[in-house]
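Following: one structure in structure tokens, then a few remarks.
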Amino acid sequence: MCGIVCAISNQPVLPLLIEGLKRLEYRGYDSAGVALLDEDGFERTRSVGRIADLVAALGTGINNTSTAGIAHTRWATHGAPTRNNAHPHLTTGKLAIVHNGIIENHQSLREGLIKAGYHFESETDTEVILHEVDRQYQQTGNLYEAVRATVKRLKGAYAIGLISSDEPRRIVGARSGSPMVVGLGEDGHYIASDMAALLSVTHDFHIINDDELVEIDDDGVRISNLDGETVEREIFTSDQHAGAADLGEYRHYMLKEIHEQTQAVADTLEGRIAAQQVLTGIFGAQDEAIFKQTRAIQIIACGTSYHAGLVAQYWFEKYGMACRVEIASEFRSRKHTIADNTLLVTLSQSGETIDTLAALKIAREAGVAHTLTICNAPESTLVRESELVFMTHAGPEIGVASTKAFTTQLVSLLLLVVSVTRHHRLTQADETKIVKELRELPSIIDETLKREEEIARLATLFADKEHALFLGRGTQYPIAMEGALKLKEISYIHAEAYAAGELKHGPLALVDEKMPVIAVAPNNRLLEKLKSNIEEVRARGGHMLVFADDQARIDQTAGVEIINIGRVDNIIAPIVFTIPLQMLAYHVALIKGTDVDKPRNLAKSVTVE
Ligand code: F6R
């Protein structure tokens with residue numbers, strides 16, 4: 001997962017390349033680089049670290065006035081995050097490349113190129129593409145043809161941009177498996193990994209599909225297929241504001257995004273529910289016809305999105321609909337049987353997660369009846385490749401640890417549960433009740449956010465711990481998993497989540513005064529059982545933090561801290577209880593002084609295997 005930005009303009013391109021890289025930093029942030037081209041040739045600067053480090057490395061070069069260039073922010077796959085492995089890569093001083101993706105057959109290509117006399121300067125798979133293009137270029141003398149011949153030889157995923165000093169007013173891009181858009185500006189034409197990178201210069205885009213190439217020059221844009229035939233593409237106008245991704249008054253994007261959940265949930269519900277019912281047609285014109293036939297749900301997702309799917313499984317089954325949930329990377333790597341009339345639901349913030357995309361393709365090939373995606377990126381591949389689409393209106397999520405995307409996924413899933421199961425066990429009374437709870441949800445989230453100070457105080461109990469155990473039952477079990485994931489991602493504390501009933505089947509052995517236990521306590525028939533778990537932990541000297549609602553009546557005793565979340569109905573409880581767990585992870589990370597928005601080793605969008 002890397003980010004690329006390329007530009008041909010009648011204005012100096014460095015400012016927009018740097019701005020674009022900053023907006024793509026969520027995709028990778030271990031090294032960065034830029035190659036600018038003018039009549040004197042290439043001026044390349046690369047550095048290890050963030051875009052700020054690249055700007056520092058540029059020094060007075062920040063005033064460079066070149067009007068063509070390519071830039072990259074990297075998340076290392078092949079080769080350590082060193083300056084030498086950073087992009088752009090250059091060959092013979094006249095050809096430069098940026099690449100996002102992984103080339104699977106790099107080894108065999110590398111061997112052939114070494115035999116042909118090429119010398120490799122980096123450990124990256126990208127350099128293989130560069131030399132192969134160079135070899136083809138020497139035969140064809142045409143950059144576009146050289147790239148076209150090269151990509152036909154590549155196996156794997158790529159979004160590449162290349163520029164040659166022999167054709168200084170042209171950039172050639174190609175895509176397979178990694179996202180790519182072309183921006184159409186007043187002063188020039190641009191290629192980038194996503195639209196957000198280019199919003200400061202344009203809102204008009206062409207989306208490039210797999211197995212397509214694109215050439216940009218001073219006159220325009222040409223998109224073509226691998227046979228070299230021109231492909232017509234409509235213009236997509238983005239309504240995102242360039243400033244939507246700004247930090248504003250907040251210290252971190254994660255904190256901003258936690259606080260945006262009131263609005264994000266309200267926006268996701270807007271136009272989707274009436275006074276007492278969930279509207280039809282909100283998943284697509286054919287949704288009712290498809291949902292009537294649906295006999296089983298298969299959910300596929302990764303990470304946090306997978307946790308949202310696990311909550312939905314409890315909801316679907318409660319109202320009589322069989323539901324399976326699987327991690328996309330597992331789904332794609334095994335044989336499976338898909339029942340007749342299954343609706344395949346993919347969940348993804350980015351819509352570009354490679355495992356989820358691959359799983360969707362496999363399920364389609366296996367003959368799944370219908371596909372639906374719940375996604376936060378309207379222009380993403382997942383949205384384009386799914387039959388039914390439901391957008392979470394969370395707005396841009398920049399913090400690597402997902403927050404508002406998760407809660408809006410849960411809201412969307414609850415709407416889906418109603419829309420599907422009203423043809424099964426869900427009654428009109430159930431629907432009216434769920435809609436009532438959903439209507440109240442934004443203000444309940446708002447109230448919950450007001451507990452931040454209390455949660456910040458509790459975070460001090462964790463900062464010096466190395467491990468933590470999260471417990472939950474029913475729909476709160478996946479929420480415990482999500483709480484543990486948030487804590488480990490941004491505070492680097494090892495955290496595990498268990499279904500509370502499993503405690504005495506093993507993990508209880510770990511509990512002592514050094515292992516805090518966080519329980520998410522539902523106010524339902526499972527509560528009494530959770531109370532016994534609390535006693536089991538207390539009896540072993542463990543310190544317990546219990547998030548409960550005001551009906552739970554759990555006693556605050558030595559070693560047990562109760563955080564009362566107020567009145568929360570069970571159906572929306574998983575959504576509400578997520579908020580304090582996010583805040584807890586955030587405040588622990590703050591105390592530990594980690595890089596909250598860009599935790600080590602991670603990237604926001606996992607577009608490589
Ligand atoms: C965790 C997190 C990741 C993502 C996962 C899937 O905070 O953000 O676990 O949830 O990489 O990403 P999407 O939802 O974009 O498919």
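Using the structure shown, decide if Lys361 is without any contact (Cβ under 8 Å) to a residue 60 or more places away in the chain and either buried (at least 23 other Cβ atoms within 10 Å of the Cβ) or in a loop (DSSP other than H, G, I, E, B) (or both). Answer is no for this residue.
One residue stands out among those in the stretch 95-115 that are modelled with pLDDT of 95 or more and not in a helix (DSSP H, G or I): the one that is surrounded by the fewest Cβ atoms within 10 Å (Cβ to Cβ), which is Leu95. With respect to Pro599, is the statement that it is within 30 Å of Glu352 (Cβ to Cβ), surrounded by fewer than 22 Cβ atoms within 10 Å (Cβ to Cβ) and either more than 33 Å from the chain's Cα centre (by Cα) or touching a residue at least 12 places away in the same chain (Cβ under 8 Å) (or both) true? The answer is yes for Pro599. Of the listed requirements (1) away from the ligand (no atom under 14 Å from the Cβ); (2) more than 30 Å from Pro81 (Cβ to Cβ), His587 misses just one: (2).
The strands (runs of 3 or more DSSP E) falling completely within the stretch 210-304 that include 3 or more residues that are out of contact with any Phe, Trp or Tyr (no Cβ under 8 Å at 6 or more places or on another chain) and farther than 30 Å from Ala429 by Cα map to 212-217, 221-225.
Considering only the stretch 305-321, state which residues are within 16 Å of the ligand (Cβ to nearest atom) and either assigned to a strand (DSSP E or B) or in contact (Cβ under 8 Å) with a residue 60 or more places away in the chain (or both).
Passing the criteria: Ser305, His307, Ala308, Gly309, Leu310, Val311, Ala312.
Annotation note: Cβ proximity below 9 Å between a residue of the stretch 400-426 that is of a type outside the set (Gly, Ala, Ser) and at pLDDT below 95 and a residue that is more than 16 Å from the ligand (Cβ to nearest atom) and in a helix (DSSP H, G or I) (sequence gap 6+ or interchain) occurs for His423/Glu288; His423/Phe291; His423/Lys292; His423/Gln293; Arg425/Lys318.
Does the stretch 322-342 contain any residue that is away from the ligand (no atom under 13 Å from the Cβ) and in contact (Cβ under 8 Å) with a residue 60 or more places away in the chain? Looking for residues that are away from the ligand (no atom under 13 Å from the Cβ) and in contact (Cβ under 8 Å) with a residue 60 or more places away in the chain, one finds none in the stretch 322-342, hence no. Considering each residue of the stretch 2-13 in turn, at least one proves to be among the polar types (S, T, N, Q), under 26 Å from Glu186 (Cβ atoms) and part of a strand (DSSP E or B).
Taking the criterion of being outside any strand (DSSP E or B), modelled with pLDDT under 90 and crowded, with 24+ Cβ neighbours inside 10 Å, would at least one residue in the stretch 468-480 satisfy it? No; the residues of the stretch 468-480 include none that is outside any strand (DSSP E or B), modelled with pLDDT under 90 and crowded, with 24+ Cβ neighbours inside 10 Å. Residues that are closer than 23 Å to Asn100 by Cβ, out of contact with any strand residue (DSSP E or B) (no Cβ under 8 Å at 6 or more places or on another chain), within 15 Å of the ligand (Cβ to nearest atom) and of a type in the set (Val, Ile, Thr) are absent from the stretch 356-368 altogether.
Working carefully through the options Thr346, Thr407, find the one that is of a type in the set (Val, Ile, Thr), on the phi < 0 side of the Ramachandran plot and either assigned to a strand (DSSP E or B) or away from the ligand (no atom under 15 Å from the Cβ) (or both).
The match here is Thr346.
The values are calculated or read from the model by the stated rules, or taken from the named source; none is laboratory data. Computed from a predicted structure; not experimentally measured. As a convention, Cβ positions derive from the backbone with ideal geometry for all residues, glycine included, and neighbour counts pool all protein chains shown.
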